[in-house]
Amino acid sequence: MHPKVSIIIPCYNSERTLNETLQSVFDQDYEAWEAIMVNDGSPDNLEAVALEWVEKDDRFKYYKKTNGGLGSARNYGLKKASGTYVLPLDSDNMVRPEFVNMAIDVLDSQNQIGVVYGNAMYFGEKTGIWNVGAFDHYKMLNHNFIDACAVVRKSLFDSIGGYEENLPHQGHEDWDFWLCIMKTDFEFMYLNKITFDYRVSGSSMIRSFSDNMALENINYIQQKHSELYIHAYQKVYLENKYLKRELSTSVIRKVFKKLKSL
């Protein structure tokens, strides 16, 4: 069976969590998938876990490379992917059984949609629902609010060139990629459903960031996508001028109306 969707799973120090992640893939109610595990030079014994799943189901594929970081591992998996669509999945999270099927229904029927994403359920050191919300252009320019766990047309990865590997610090590859998509004609589709489970851990990559590290990444991304920020500023500036003019006109009308009534 040729895979319709390639699930890319970069792995680093994932021995404890990988089984749960791969079980969630195996439990999908859609069968035409392949799961590409990329061992990014991990020092633990995750390989033994991965190979058990390869033996169990040939839709699981396993590769090992020297350590290059998250963007590098995802890009390695993308080169091996043969699906029409791609689902990046972190090796400590779990995808819900119905997500792939729902996302493919949208992408197959709506050619203008490039990305399908949804809400998440927190587990681990935090519980509750992460209500991501509908796509907002200005919100995305301010900060990333969509996790990597979304189903994306592979043609978008091919045209953009995959994930950015030259960020000052690993951890904002998703944000950069979503901004790249904002420059295309494709749209984001939000499913108001829980589509994956997001593990919250004190040892996660993004929690290790200092303020200075985050600032260096933000500066890099904003410079790379400066045209998006300039265009947004111009639009907000013009809208602000219009609203001020309308407000001023409205106040004047009220004053004249009040004077006439005297």
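Assorted remarks:
- Label zone (Lys80, point 7 Å along Cα-to-C-beta; backbone nitrogen cut-off 17 Å) within the stretch 1-35: 3-15, 18-19, 21-23, 25-26, 33-35.
- Asp29 - accessible surface, heavy atoms, 1.4 Å probe, Å² rounded to 10: 90
- Distance between modelled label sites at Ile218 and Tyr63, nm, 7 Å Cα→Cβ extension: 3.5
- In this label model, Lys56 and Asn19 are separated by 0.9 nm, measuring between points 7 Å along each Cα→Cβ vector.
- 222 nm mean residue ellipticity, helices alone, for the chain (DSSP H n ≥ 4; -39,500 (n - 2.57); rounded to 500): -13500 deg cm²/dmol
- The simple Förster model, with R0 at 25 Å and r as the Cβ-Cβ distance, assigns Ser226 and Phe145 a FRET efficiency of 0.75.
- Answer label, with Rg and Dmax of the Cα atoms in Å calculated from the coordinates and candidates [x] 22.0, 89; [y] 17.5, 54; [z] 17.7, 61: [x]
- Calculated FRET efficiency for the pair Glu165/Asp211, C-beta based, R₀ 35 Å, to 0.05: 0.90
- For the chain, a Gaussian network of Cα nodes joined below 10 Å ranks Ser155, Ser208, Ser42 by mean-square fluctuation, and the top entry is Ser208.
- Accessible area in the full protein assembly, largest first, 1.4 Å probe, for Phe186, Phe123, Phe157: Phe186, Phe123, Phe157
The values are calculated or read from the model by the stated rules, or taken from the named source; none is laboratory data. Source: prediction; values computed, not measured. Here Cβ is always computed from backbone atoms with ideal geometry, including for glycine, and neighbour counts include all displayed protein chains. When the accessible area is computed, the model is the full protein with side chains, heavy atoms only, and any ligands, DNA or RNA have been set aside. Shrake-Rupley method; radii C 1.70, N 1.55, O 1.52, S 1.80 Å.
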